[in-house]
Amino acid sequence: MQVKIYLVVFIITAIGSGIRAGNPDRQGQAGAAELLMNPWGQSAGVHSMSTSSVRGIESMRINIAGLSRIQKLEIGISNNRLFSGTGMNLNSLGLGFKMGNSGALGIEIASLDFGQIPVTTVNQPGGTGGFFSPSFFQLGLGYSYTYANKISVGMLMRLVSESIQDVSASGIALDAGVQYVSGSKDNFKLGIALRNIGSPMAFGGEGLSVKRENPDPAGGVLYELTYDARAASFELPSMLNMGVSYDYYVGGENYLRTLVNFTSNAFSRDQIGAGLEFSFQNMVVFRAAYKYDLGSSVVDSRNIYTGFSAGGSIEVPFKKGGANNLGVDYAYRTTNPFKGTHNLTLRFSF
């Protein structure tokens, strides 16, 4: 068994070392950055680096392969107060349920709230007195299957929509992932996830139309023509995550989980990080992690989510000895710039 574990670790390390370093020169060129936001409290507490150990509805944001490791049904709602001081929020609703003994289907809805933004125009740069709020919406549908409780695979399709009153863009993003579990108590876990693969998106609509006088009026008659401006397309922020974790049991159901994760970003620097989770009797969990941008030496050039993160969870059974639980998760992540991001999640497991 140890030989198999070392072999798997060697393979994933070899793959990671063969991947080209990140693309800092392309930073800022991708759109749909909301695809990189994680609303869920458990995984956010370790900087979204739980590629190997994530399970349940949170898998739809980290590694879809973990979805099939739920009991029967899991429902979660989450509020993510983004970049404290900006007034932005990310709200999410997730549902996952078993299909047969080994499969699971999941649905996730997420909406980004920008608050009320003053309307300004060319003639009234100070504001018209009106307000607007962009509509950023995501709908994900994923499926995962577990083979012999050892290997899980999954795929997710996510609809991405961004719009204001007269301009909109939409696209499809695909995620795929695999997890491997081994050990007497499933101690060793390995995960690989490919996220946000899709065709380019582009904005369109009446807001990109302008009216101008006809440059060559026939018979001296002046009239206006409507011209449609073409907006440049933009790519989705695709990434590859690879992670390993190991659980050290300390009497009964108490364990300390160590995890390491590597992220290869297509439009920014690659990242590496490590984290710890301590679970007491599967009822109280404390977690912390640190993420670092590879090749970065200047603070202003780092990704927004770097540095320290921490969080905790409380699991409350509906009845003593029962399998149905109510879970509350909280996480805090440092950001560069702004004053950090707060996650609060409420989960129901049946």
(request) Arrange T334, T121, T345 by Cβ neighbour counts within 10 Å, fewest through most, would you? (result) T121, T334, T345
(message) I'd like the GluC sites (Glu not before Pro) in region 178-282 restricted to DSSP loop residues with at most 14 other Cβ atoms within 10 Å, sorted by number.
(response) E253
(message) What does the net charge come to around V284 if you take all other residues with beta carbon closer than 12 Å to its beta carbon, with K and R at +1 and D and E at -1?
(response) -3
(request) Between L225 and D166, with labels modelled 7 Å along Cα→Cβ, what's the label distance in nm to one decimal, could you check? (result) 2.0 nm
(request) Residues in region 45-74, backbone N under 20 Å from the label point at F280 (7 Å along the Cα-to-beta-carbon vector): list them, ranges by number please. (result) 45-46
(request) Per residue of region 319-326, in order, report the coupling 6.51 cos²θ - 1.76 cosθ + 1.60 (Karplus, θ = phi - 60°) as ³J(HN,Hα) in whole Hz, putting x for Gly and Pro. (result) 8, 4, x, x, 8, 8, 10, 10
(message) Between 0 and 90 degrees, rounded to the nearest ten: what's the tilt of helix 2-18 against the longest Cα principal axis of the chain?
(response) 20 degrees
(message) Only counting other Cβ atoms within 10 Å, I'd like L276, L174, L259 sorted with the fewest neighbours first.
(response) L276, L174, L259
(message) Give me the one-decimal nm value for the distance between modelled label points at M157 and F318, 7 Å along each residue's Cα-to-Cβ direction.
(response) 3.3 nm
(request) Sort V244, V153 so the one with the fewest other Cβ atoms within 10 Å of its own Cβ comes first. (result) V153, V244
(request) Rounded to the nearest Å, what's the spacing between the alpha carbon centres of region 160-212 and region 257-285? Just the number, please. (result) 21 Å
(message) Can you compute the modelled spin-label distance between N123 and L105, with each label point 7 Å from Cα toward Cβ, in nm?
(response) 5.3 nm
(request) At most 10 other Cβ atoms within 10 Å and a DSSP loop assignment: could you name the trypsin sites (Lys or Arg not before Pro) in region 275-350 that fit? (result) K319, K320
(request) For n ≥ 4 DSSP H runs only, could you compute -39500 (n - 2.57) per run for the chain, divide by its residues and tell me the 222 nm figure to the nearest 500? (result) -2000 deg cm²/dmol
(message) What does the net charge come to around L208 if you take all other residues with beta carbon closer than 11 Å to its beta carbon, with K and R at +1 and D and E at -1?
(response) -2
(message) Ranking request for peptides 106-116, 321-331: highest mean number of other beta-carbon atoms within 10 Å first, then the rest in descending order.
(response) 106-116, 321-331
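Read-outs: derived from the displayed coordinates by stated rules, not from any lab. Because the structure is a prediction, the values reported are computed rather than measured. All Cβ positions, glycine included, derive from the backbone under ideal geometry; neighbour counts span all protein chains shown.
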